[in-house]
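Heads up, the thing below is written out as structure tokens.
The values are calculated or read from the model by the stated rules, or taken from the named source; none is laboratory data. Note that this is a predicted model, so its numbers are computed, not measured. Cβ coordinates were reconstructed from backbone atoms using ideal geometry, including for glycine residues, and neighbour counts include every protein chain displayed.
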Amino acid sequence: MNTNDLRVIKTKKLLREILIEVLHKKTFNEITVVEICKLARINRSTFYAHYMNIDELFLEHFTNLIEELRADYNLVLENLDNPIHQSMTPLFTHIAKHRDFYDILLSENAPIKYLLQFNDYLVQFPLEVIIRNVSKDTDIDLFLSFCSSATMGMIYHWKKTGYKKTAEEMNYQLTKFFAKEY
């Protein structure tokens, strides 16, 4: 299958959109391929030409979003010597941009394994920034666990409040908390 074929691109995009739409109403385990195909108005054979199952569809979308987030963070990592660029704004901007997906990921409708993977990514991206800013006697693994839990807590709160704060405001608050300036 030619992944650059416009028909393939459109079909995959449609399947992702329908999966997210259905996940707003049902849990992941309640969704069937037949249901997705019916809503997308495609045959099951078309679905199976692209994916083995719904999990693979969700995983592909999740992986694409994480890669997009990683690319955004590369800009931060390239400018580590400038404290202004030591920022979590790309994370919050990314979540705001893809809030339909993150509303699902942060709900009981998505498989927990993806939420746990996302939590792991939260410290992988800014890891170099974090390591530069902790003292040598700090247990780095424990500190990273603390950082990811605190960040997840802020993300959950942000979602719960309808994403009222901007990405920049969320970054400011997170940076302030970690800098012990509260």
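Numerical summary
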read-out	value
Among residues of segment 32-77, those that are outside the structural domain of residue 91 (by TED's automatic domain parsing), surrounded by 14 or more Cβ atoms within 10 Å (Cβ to Cβ) and farther than 22 Å from residue 110 by Cβ, counted	2
Residues of segment 13-25 classified as within 18 Å of residue 112 (Cα to Cα) and surrounded by 13 or more Cβ atoms within 10 Å (Cβ to Cβ), total	4
Wholly within segment 3-104, helices (runs of 4 or more DSSP H) carrying at least 2 residues that are under 25 Å from residue 123 (Cβ atoms) and in contact with a Ser or Thr (Cβ under 9 Å, 6 or more places away or on another chain)	54-78, 89-97
Filtered residues of segment 1-36 (kept if among the hydrophobic types (A, V, I, L, M, F, W, C) and more than 25 Å from the chain's Cα centre (by Cα))	1, 6, 34
Those helices (runs of 4 or more DSSP H) lying entirely in segment 111-181 with at least 1 residues hydroxyl-bearing (Ser, Thr, Tyr) and assigned by TED's automatic domain parsing to the domain that holds residue 75	112-124, 140-160, 167-178
Set 93, 32: member being closer than 23 Å to residue 177 by Cβ and polar (S, T, N, Q)	93
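Here's the yes/no breakdown for (1) crowded, with 17+ Cβ neighbours inside 10 Å; (2) of a type in the set (A, V, I, L, M, F, W, C):
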{"position": "139", "(1), (2)": "no, no"}
{"position": "152", "(1), (2)": "no, yes"}
{"position": "158", "(1), (2)": "yes, yes"}
{"position": "179", "(1), (2)": "no, yes"}
